[in-house]
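Notes follow once the structure below has been shown.
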Amino acid sequence: MENTKAYAKHLDEKDPLASFRHAFLIPEHNGISRTYFLGNSLGLQPRKTSAYIQRVLQQWQDEGVESFFKGENPWLNAHDELLTTMAVIAGAEKEEITIMNQLTVNIHLMLVSFYRPVGSRRKILMEAKAFPSDQYAVRSYIQHLGMNPDEIIVELESDQLSQVLEQEKIIQSIQQIGDELALVFMGGINYYNGQLLPMKEITEAAHQAGALVGFDLAHAMGNVSLSLHDWHVDFACWCSYKYLNGGPGAVAGAFIHKKHHGPDVTRLAGWWGYKRNERFLMESRFVPERDASSWQLSTPSILLYASLKASLDIVHDADWEKMLAKQTLMKQWIQFLLDQQEQNYFSCITPDSRGCQISLLFPQNGKKVYDGLFDKGFMVDWREPNVIRFAPVPLYNSYSEIWNFFEALKTLTKELSSHHTD
Ligand SMILES: *Cc1c(COP(=O)(O)O)cnc(C)c1O
């Protein structure tokens with residue numbers, strides 16, 4: 001690789017996914033496209049989203065409630081139409097996935113089914129730096145059971161210096177807690193430093209200890225390669241507005257491994273999880289469908305399904321394997337450019353095990369760098385007190401944008417350090 005604009009352009013010209021940028025609406029600044037590196041926060045709007053939503057509005061207008069059953073795209077099929085692509089991205093079987101609710105709601109629903117404390121086996125292992133909503137969900141659920149979260153949750157601290165949570169440390173903790181461990185619940189990718197956790201190894205170790213394992217995949221789904229089924233993960237949940245581009249508050253997803261689809265698994269029930277072909281018999285006793293959709297409670301939002309379908313259709317057209325290949329090459333390109341930077345102004349706290357997101361820690365002036373980047377048209381993310389996160393994604397970002405970003409970073413940090421020494 002070469003640290004030149006020409007080389008960046010060369011990578012763009014060879015990029016088989018380059019044209020997919022036009023499938024998205026890119027925010028502009030004075031008539032010029034911004035560089036949007038916030039796919040880890042809210043993915044961009046597919047051009048087709050409004051047409052997909054419009055179609056639902058039209059059906060509603062033309063046929064009213066009959067639209068659930070009638071026409072080319074009956075609403076009753078809307079859920080299943082999302083599963084093929086979602087299953088490819090998740091590395092799961094279609095019946096192991098259901099698209100419902102929002103992420104934090106689904107965490108609660110999964111805890112109902114998969115946090116089943118028995119005797120002294122009642123501990124939950126989490127990251128100390130888990131996303132706040134995950135912490136609130138787990139703590140409040142434990143309280144709801146009449147127990148004390150401080151006695152239940154074991155928090156794993158990442159290394160003070162490197163900010164990385166080492167695999168060895170995770171596995172050792174699992175073994176140490178041993179037969180007191182009921183559940184491991186962690187983020188597949190940490191939202192803060194972008195670390196991709198070794199989910200396969202964590203799952204193996206937890207199962208050996210006799211515990212269940214769930215992952216919050218908010219930052220992993222649509223970002224990195226997953227094999228939830230083959231890893232034997234018990235459950236997972238994610239939101240669809242980050243790397244999946246489903247839109248703000250998009251309908252979320254859950255994975256429940258096939259081995260847990262039996263009727264004896266405790267779950268909160270609603271009529272939308274009832275055995276599909278008998279749902280409208282309106283029987284009073286709940287009989288679950290024998291797949292992940294039995295965790296559904298309510299009539300789903302067909303508008304939100306349409307929005308998610310628009311973005312998953314792009315993944316289908318682009319091909320998930322090609323997206324992963326581009327993500328890998330982008331990662332190498334970023335690492336190469338990062339290694340060329342004088343890193344006395346900031347340090348990269350994202351380990352090599354990662355997806356699209358990089359987190360840079362600025363001991364000083366981080367906010368000024370962030371503001372400077374924004375003025376130059378770069379949309380990245382500022383995390384108090386001193387971290388800039390950015391996430392170039394395969395579908396709508398280019399190698400040139402990454403190169404330009406590092407050039408801007410170089411200029412800005414140079415300016416700021418010369419002010420500093422003046
Ligand atoms: C984004 C994110 C959430 C947000 O939850 P919502 O219920 O969708 O608002 C929760 N957990 C993690 C790890 C996240 O990254």
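Matching residues to (1) open to solvent by 50 Å² or more (accessible area, probe 1.4 Å); (2) part of a loop (DSSP other than H, G, I, E, B):
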residue: I124; (1), (2): no, no
residue: S133; (1), (2): no, no
residue: V138; (1), (2): no, no
residue: M147; (1), (2): no, yes
residue: E151; (1), (2): yes, no
residue: V154; (1), (2): no, no
residue: S158; (1), (2): no, yes
residue: G178; (1), (2): no, no
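Considering only residues in the stretch 198-210 that are open to solvent by 10 Å² or more (accessible area, probe 1.4 Å) and closer than 20 Å to S225 by Cβ, the one that is farthest from the ligand (Cβ to nearest atom) turns out to be E204. Residues in the stretch 219-278 that are over 11 Å from the mean Cα position of the chain (by Cα) and within 11 Å of the ligand (Cβ to nearest atom) were compared, and the one that is surrounded by the fewest Cβ atoms within 10 Å (Cβ to Cβ) is P248.
Scanning the stretch 12-40 for residues that are in a loop (DSSP other than H, G, I, E, B), out of contact with any Pro (no Cβ under 8 Å at 6 or more places or on another chain) and surrounded by fewer than 18 Cβ atoms within 10 Å (Cβ to Cβ) yields P16, I26, P27, N30, G31.
Scanning the stretch 332-358 for residues that are farther than 29 Å from L244 by Cβ and over 25 Å from the mean Cα position of the chain (by Cα) turns up D339, Q340, Q341, E342, Q343, N344, Y345, F346. Restricting the first member to the stretch 182-201 and to residues that are closer than 17 Å to L125 by Cβ and part of a helix (DSSP H, G or I), and the second to residues that are within 11 Å of the ligand (Cβ to nearest atom) and among the hydrophobic types (A, V, I, L, M, F, W, C), the beta-carbon pairs closer than 7 Å and six or more apart or on different chains are M199/F215. Of all residues in the stretch 41-59, those that are open to solvent by 70 Å² or more (accessible area, probe 1.4 Å) and in contact (Cβ under 8 Å) with a residue 60 or more places away in the chain total 3.
The values are calculated or read from the model by the stated rules, or taken from the named source; none is laboratory data. A quick note: this is a predicted structure, and the numbers were derived from the prediction, not measured. Every residue, glycine as well, gets a Cβ built from its backbone with ideal geometry; the counts of neighbours run over all protein chains shown. These area figures cover heavy atoms from the full protein model, side chains too; ligands, DNA and RNA do not enter into them. Shrake-Rupley method; radii C 1.70, N 1.55, O 1.52, S 1.80 Å.
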